[in-house]
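As structure tokens, the structure follows; a few thoughts come after it.
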Amino acid sequence: MTTTLVLHAQRFPESRCDSPAVLAADSNRLSLWTDMSGFFKNNEYFSPVADGQTYPCISLLPALTYQASGRFRAQAGFYAVKFSGKNDFSHLQPFLRLQYAVAPALQMTLGNLYGGANHRLIEPLYGWERHYVAAPESGLQFVLHDERRFADIWVDWQHYIERGDAAPEALTFGISTCRQLTPPESKFLLKLPLQLLIHHQGGQIDTSDEPMIVLGNFAAGVCSQWQTGWKRLQSVGCDIYATGYYDRYPNEERRPFRQGWGVYPVLHIEVAPFLCTAGYWHGERFYAFQGEALFGSFNVHDPSQQMPVRDLITFKLMFDKEVYQGISVGAQVETYSDLHRGKTDYSFGVHIRCNRQFVLKQL
């Protein structure tokens, strides 16, 4: 699977993602992995279903990495997120990861996962600022990745409980796949993505009186892309997604709709190092528990604020460039024009990432 496939199918630049591959060249090494990102995003949202917010933050992840062979890797460190204007850390917790290459293209991970943008979920299912501000995912993950297939299956265990605990357990199960139908060397790429998210909250051994929660989202579509081979205009294409929402135990005070759906066709053009997209979103009674709030039909902080039918014109302009090995900079502008309100919400932001590994000792 090519880098272009990853970029266009899921809207995240490759520089924000990590490869889970365990390389034989790194065998018998003790290394220091450092991942530091500066992130600023200003959401100027005035919609009844979404609140505006600004995210000025720095995230830091240093970890000692020991790779015993071309199939096993262990990492231990800590993860921290610091918002400008706050004296303490929003997240400060251990980072632990064990990884085993079941096959050359299949990786199993226990502990902290390759989460966030690495799942390559579309924006209605996953708001991309969560990649920087949400707590690291932890649990079990399998990733299959070769020239024509991508499959990511994971369980993010968000709250572990023991007998008698006052709060219920919480977890999210996810599947994200993409199958390329055309040969890897073809200039025309045709892909079939499928994505599923299920959130569960509840348990049998806690003492909580909170109601059980089981809700989910899915997305399926067809993605096409023509790789021009030209120096500047690198590719053009069109993606079409159908999405769904289902809530087994709706709660009118929190989630007023039991089920909903949406369609999302998107045109994209890449003029390196820029990516431009234009899309149309039609949704009815739709909600995604990790999605961009503007695609939803109610405000999660005030469910009485509802817009059951949504029609949006989206436009995005993104810049992303690796300026040095492991160091990338980027910026983006995004607009969401509400056809019912006749108003446009927008956001803009920048980011810098330094993702490097330093060999401490060849064992």
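The values are calculated or read from the model by the stated rules, or taken from the named source; none is laboratory data. Owing to the predicted nature of the structure, the values given are computational and were not obtained by experimental measurement. FYI the Cβ positions are ideal-geometry reconstructions off the backbone, even for glycines, and counts take in every protein chain you see.
A few notes on this one:
- Tally of residues being under 24 Å from P183 (Cα atoms) and modelled with pLDDT of 85 or more across segment 1-39: 2
- Hey, Y336 modelled with pLDDT under 95 and aromatic (F, W, Y) or not: no
- Residue match in segment 153-161 (condition: under 21 Å from Y287 (Cα atoms) and among the charged types (D, E, K, R)): yes
- Restricting segment 333-363 to residues that are touching a Lys or Arg at 6+ places or on another chain (Cβ under 8 Å), surrounded by 15 or more Cβ atoms within 10 Å (Cβ to Cβ) and in contact (Cβ under 8 Å) with a residue 24 or more places away in the chain, the residue that is farthest from D311 (Cα to Cα): R353
- The set of residues from segment 123-168 being touching a residue at least 60 places away in the same chain (Cβ under 8 Å) and hydroxyl-bearing (S, T, Y) comprises Y126, Y132.
- Against the test of being of a type outside the set (S, T, Y), farther than 25 Å from R353 by Cβ and in contact with a helix residue (DSSP H, G or I) (Cβ under 8 Å, 6 or more places away or on another chain), the options V102, V49, V81 yield a single qualifying residue, V49.
- Verdict on I240 being at pLDDT 95 or above and of a type in the set (V, I, T): yes
- Sub-6 Å Cβ pairs linking a first residue in segment 218-247 that is charged (D, E, K, R) to a second residue that is surrounded by fewer than 21 Cβ atoms within 10 Å (Cβ to Cβ), at least 6 apart or interchain, are R232/V271; D247/R255; D247/R258, ordered by first then second residue.
- Conditions (1) within 29 Å of R353 (Cβ to Cβ); (2) assigned to a loop (DSSP other than H, G, I, E, B); (3) at pLDDT below 95; number of the one not met by A288: (3)
To keep it simple, each residue is scored yes or no on (1) within 19 Å of the chain's Cα centre (by Cα); (2) within 30 Å of I58 (Cα to Cα).
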residue	(1), (2)
T277	yes, yes
E322	no, yes
S347	yes, yes
Q362	no, no
